[in-house]
Amino acid sequence: RTRPSLYWDSSINTWSKMKKRHADVYVFCLLYHDNKETINPLNLNQWEFYVLATKELNEYTRSQHSITLKSLQGLTQPVSYEKLDSEIKSRHALNAVN
C-alpha cells in the first residue's frame with residue numbers, strides 16, 4: 001500500500017492534520033524466482049527491487065492507495081540488491097530537487 005497517512009508528531013503530542021506520504025523513497029520488493037524446487041527467500045539474487053521517489057508516486061494518476069506490478073514496471077526498472085543503495089540515493093536526490 002502506498003496510501004498517504006497521518007503521523008504522530010511527538011514534539012506537540014498530537015496527530016498531524018494533513019495526510020501525506022512521509023517517506024522520501026519507496027522500495028517495492030518482488031521475489032520473482034518461480035522454481036519451487038530452488039526458491040529461497042534468503043537468496044537476494046532471487047529478488048527484484050523497484051524504487052520510486054515519493055514525488056513519482058504523488059504524480060502517479062491511477063490509484064493513490066496501491067500500485068500494481070505492471071504500473072511499477074512502467075514507472076521504473078527493477079534493480080538487483082547490489083544496485084539498491086545507489087538507486088535509493090538517486091531517487092532520494094530526485095525527490096529533494098523537486
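The values are calculated or read from the model by the stated rules, or taken from the named source; none is laboratory data. Not measured: the values here are computed from a predicted model. Only protein heavy atoms, including side chains, enter the accessible area calculation; ligands, DNA and RNA are left aside. Shrake-Rupley method; radii C 1.70, N 1.55, O 1.52, S 1.80 Å.
Per-residue ellipticity at 222 nm computed for the chain from its helices equals -9000 deg cm²/dmol, with DSSP H segments shorter than 4 residues left out and the rest contributing -39,500 (n - 2.57).
By the rule of a C-alpha distance below 20 Å, with chain neighbours fewer than 8 residues away ignored, the aspartates and glutamates paired with residue 20 are 9, 56, 59. Tell me which lysines have Cα within less than 30 Å of residue 19's Cα, excluding those fewer than 8 residues away on the same chain? Partners found: 55, 70, 89. Solvent exposure of the chain amounts to 73 Å² per residue of accessible area, where only protein heavy atoms count and the probe is 1.4 Å.
When a/c is below 1.5 the answer is rounded, else prolate if a/b is larger than b/c, else oblate, so apply that to the stretch 2-98 with a ≥ b ≥ c taken from the square roots of the Cα gyration tensor eigenvalues. Prolate.
Take every pair of alpha-carbon atoms less than 8 Å apart whose residues are at least six positions apart; their mean separation over the length of the chain yields a relative contact order of 29 percent. Helix 81-97 and the long axis of the chain differ in direction by around 30°, with both axes built from C-alpha atoms.
Here the accessible area of the stretch 37-98 is 54 percent carbon and sulfur, with a 1.4 angstrom probe and all protein chains present.
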